[in-house]
1. Hey, if you put +1 on the Cβ of every Lys and Arg and -1 on every Asp and Glu Cβ in the chain, which of V281, L434, I353 ends up farthest toward the positive end of that dipole?
2. Could you tell me the distance between the Cα centroids of region 374-441 and region 65-119, to the nearest Å?
3. Region 110-202: percent of C-alpha pairs farther apart than 17 Å?
4. Which of A88, V98, S190 sits closest to the plus end of the dipole of the chain, meaning its Cα is farthest towards the positive end, when Lys and Arg get +1 and Asp and Glu get -1 on the C-beta?
5. Considering only region 68-369, what is the antiparallel percent among its DSSP beta bridges, to the nearest 5?
6. Check C62: other-chain or 5+ apart residues with amide H under 5 Å from its amide H, H built from backbone geometry?
7. Which value, in Å to one decimal place, does the Kirkwood hydrodynamic radius take for region 68-369 when every pair of different Cα atoms is included?
8. Using Cβ contacts closer than 10 Å as the measure, can you line up M295, M364 from fewest to most?
Amino acid sequence: MAEFISKEARVKTLIKHAFVVSVDPSIGDIDGGDILIENGVISAVGISIEAEGAEPIDATGCIAIPGFVDTHRHFWEGALRSSTADWALLDFAGNMLVLASTCLRPQDMYATSLQGGLEALNAGVTTVADYCHNVISPEHAEQAVQGLRDSGVRAIWCYSFNQTLPARSGFADMQSRLAFLEDFGTRQFSAPGELVTLGVCPEEMAYWPTSRDSVVKSFELARHFGAPIFVHANGYTVGDGEYPGEVELIDGFGLLGPDLTLVHMGYTKESEWQRLGEAGVNVSFTPETELQMGMNMPPITAAKATGVNISIGVDITANNSGDLFTQMRMALQIERAKLAAPHAGALYSRTGIDCAEALYWGTMGGARAVGLQDRIGSLTPGKDADVVLLRADGIAMVGWDRGNPSATVVQQAGTHVVDTVLVRGRVVKRDGRLLADERRACALLEQTSRHVRTEAAKQGGFDLSTEELYGRLSSRMAAADGQAA
């Protein structure tokens, strides 16, 4: 796969006659614009570009945008599509993280990564941070990474230190996990120029028994590899409505930094936001999940006020669709509703936040969060050619406002108008169809889905009481505590 991508990237490609939405203030929007791609990199953006020998792509009637960047998704959870759609957070934590997680075999991790990567590409999402918190053996990790590579998506595969059921775990303790990551990171991610790179997710500090030593070591190992760090944080209250304090904990350990992205963050104090802004920390909001599972509405205004970089993610494809159009639109409209609330139903002018900002969250905001802002996130010469063409002359988009193309992308577009997708100059979707073996990916995922549901049923299924599920969770936490000791 890597060899094929490299060969494709040497082809010169010229995208002609698009309406270019560059997400680069120095370039702006160009009606009838061209994009020249050489060796997988954007070499020119403008009008009437000529390039002898270039493969042409006629983008007449299309809007060209940067590939979307999703900063928070769990590919492995796609094995249970729609099963979680009526679950709240307690249901999800019990059924998915305690029960379903133990049912996936290494080949199931491959299937979910392959299908998930292709699903993302189909929706114009060219980069995904895969928060892989089901690494219950070295083989699970190997297969998850291979599935991403075979899909052709650009991915940050994020090794998670979350504890697993000792009976199924391929790791005896935290030290063995650290040793595994040091070896795995060196073996799998040392080659330059790979599309799939390494990220790290330290332990979830509100869920599991943990220690300062284990948290610090996981951060230090991530930084040894130069890997971006992602942590579920401040997503719900604890005790009698108290704020969880995960930001204060990480800050107290001296671990805040611009390579850190905190996910959800619905219950965060003003003082914590201030510290995050000072440290250059990023945030990832996943509005569809957060609304469903009682994790509060994304605190966009609070993040903006302190200069925290905002990005967005799909999160759980077991209950959400795999596109960022939905997440951009939902995050934008939620924030508009919050800004409108003080008017108490009275008429007022302007929404207070515009569509161009939401498009930024899904492109450059995401690129900054994953540390790739110099390579992706905008249609800028010198950056990798991750490009999406949206068909804007069909029944769903015709009549769109050329004076506000970002509004068209955010409010009107969807997967149904994603016509062509390129990743580092390689075409992965053309004329509305993926070029990969979609049938094989779907067949593998269907097999995985049936296997996981069958195995879960043997353990009581997804209708177990909360008491039973959390009895199992308590046993799991106690076992993890014994490992940590």
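1. L434
2. 24 Å
3. The share of Cα pairs beyond 17 Å in region 110-202 comes to 46 percent.
4. S190
5. For region 68-369, the DSSP antiparallel bridge percentage is about 5.
6. F19, A392
7. For region 68-369, the Kirkwood estimate is 19.4 Å.
8. M364, M295
We did not get these values from a lab; they are worked out from the coordinates using the rules stated. Owing to the predicted nature of the structure, the values given are computational and were not obtained by experimental measurement. Cβ sites come from the backbone with ideal geometry, for glycine too, and all protein chains shown count toward neighbours.
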